[in-house]
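The values are calculated or read from the model by the stated rules, or taken from the named source; none is laboratory data. Please read all numbers here as calculations on a predicted model, not as lab measurements. A quick note on method: Cβ atoms are made from the backbone with ideal geometry, for glycine too, and the neighbour counts reach across all protein chains shown. Quick note on the areas: whole protein, heavy atoms, side chains included, nothing else; ligands and nucleic acids left out. Shrake-Rupley method; radii C 1.70, N 1.55, O 1.52, S 1.80 Å.
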Amino acid sequence: MRKPIIIGNWKMFKTTDETVSFLNAVDGACQQLNAEAGVAVPFVNLGLAKQHSKNLIIAAQNCHFEDQGAFTGEISVDMLQDLGITHVVIGHSERREMFNETDETVNKKMLKLLVKGLTPILCCGESLGQYENNETAMVVKTQIQKAFRGVNLEDAKTVVIAYEPIWAIGTGKTATAQIAQDVCAIIRQEIANIYDEVVANTIRIQYGGSVKPANIKELLAQPDIDGALVGGASLDPISFLELVK
């Protein structure tokens, strides 16, 4: 059985005090969960979050694919490792749309994280126009193929994939459980095509896009959905605990 993994993506929210307050409110309650749970924290609070968390995964929201260099404003994987970070979100649609992320740079980040022993949380998903034009399968297959280029079979098993339809991120719209399941099944089959059934049945696939306490149980009941990447609903301690318990 694949262990569910639920990660809250805080995006550009929470000051230092707010981060400490949140973790003090939730970390102790996350000692015995049936799922892995965590939060993806802004860079400036990663170290602080690690200090105040014993039971949660503290993830980064991005990284650079070079070890060092003249990349003003960027953060290397080595820097994240120094803070004890084990998981990194890559390829989020907001990074692709606003900061010119490409399938090629996402692949470079994937390879760098894996060679350093960190877990990539790889985001993929289609726009509203692509969804309405019935291009979802083509889009996510292409993103998966390009992201996993050069990734060996054993490393592939450790990756977490997050399917996030762009039209459902921060819009209040949520793909139905059946739509989310159908696309996650397509992703799993594509992993089987690239590798084999063992890898496909091992890799965990999250759904993201307006996930809330009211709909998470139905989503996680689907056979190919192994967790969630949650935005706004992960910012409130009470809501977060409802999501992970």
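Go through the residues of segment 232-240 one by one and say whether even a single one is open to solvent by 50 Å² or more (accessible area, probe 1.4 Å), in contact (Cβ under 8 Å) with a residue 12 or more places away in the chain, in contact with a Leu (Cβ under 7 Å, 6 or more places away or on another chain) and not polar (S, T, N, Q). No, there is no match, as no residue in segment 232-240 is open to solvent by 50 Å² or more (accessible area, probe 1.4 Å), in contact (Cβ under 8 Å) with a residue 12 or more places away in the chain, in contact with a Leu (Cβ under 7 Å, 6 or more places away or on another chain) and not polar (S, T, N, Q).
Here the condition is being at pLDDT 95 or above and in contact with a Lys or Arg (Cβ under 7 Å, 6 or more places away or on another chain); of VAL183, VAL159, VAL199, VAL139, it holds for VAL199 alone. The residues of segment 16-45 that are aromatic (Phe, Trp, Tyr) and either farther than 20 Å from GLY170 by Cβ or surrounded by fewer than 22 Cβ atoms within 10 Å (Cβ to Cβ) (or both) amount to a single one, PHE43. When you check ALA70 against the structure, is it over 20 Å from ASP17 (Cβ atoms), out of contact with any helix residue (DSSP H, G or I) (no Cβ under 6 Å at 6 or more places or on another chain) and without any contact (Cβ under 8 Å) to a residue 40 or more places away in the chain, yes or no? Answer is yes for this residue. Among the residues here, LEU229 does not qualify as surrounded by fewer than 23 Cβ atoms within 10 Å (Cβ to Cβ) and at pLDDT 95 or above. Among the residues making up segment 46-55, those that are touching a residue at least 24 places away in the same chain (Cβ under 8 Å) and either of a type in the set (A, V, I, L, M) or surrounded by fewer than 19 Cβ atoms within 10 Å (Cβ to Cβ) (or both) are LEU46, GLY47, LEU48, ALA49, LYS50, HIS52, LYS54, ASN55.
For the condition within 22 Å of PRO213 (Cα to Cα), at pLDDT 95 or above, open to solvent by less than 20 Å² (accessible area, probe 1.4 Å) and not basic (Lys, Arg), ILE5 qualifies. Set side by side, the residues ILE58, ILE85, ILE75 differ, and just one is part of a loop (DSSP other than H, G, I, E, B), without any contact (Cβ under 8 Å) to a residue 40 or more places away in the chain and open to solvent by less than 10 Å² (accessible area, probe 1.4 Å), which is ILE85.
Within segment 96-113, the set of residues being in a loop (DSSP other than H, G, I, E, B) and either crowded, with 18+ Cβ neighbours inside 10 Å or at negative phi (or both) comprises PHE99, GLU101, THR102.
The residues in segment 11-37 that are part of a loop (DSSP other than H, G, I, E, B) and either over 27 Å from ILE225 (Cα atoms) or in contact with a Ser or Thr (Cβ under 7 Å, 6 or more places away or on another chain) (or both) can be counted, and the count is 2.
Could you check segment 114-137 and list, in sequence order, the residues that are assigned to a loop (DSSP other than H, G, I, E, B), open to solvent by less than 30 Å² (accessible area, probe 1.4 Å), without any contact (Cβ under 8 Å) to a residue 60 or more places away in the chain and not charged (D, E, K, R)? Listed by number, the list holds a single entry, LEU118. In this structure, PHE13 qualifies as of a type in the set (Phe, Trp, Tyr) and open to solvent by 50 Å² or more (accessible area, probe 1.4 Å). Pairing residues of segment 17-28 that are in contact (Cβ under 8 Å) with a residue 60 or more places away in the chain with residues that are in a helix (DSSP H, G or I) and not hydroxyl-bearing (Ser, Thr, Tyr), at Cβ distances under 7 Å and at least 6 apart in sequence or on separate chains, gives PHE22/PRO237; ALA25/PRO237; VAL26/PRO237; VAL26/PHE240; VAL26/LEU241.
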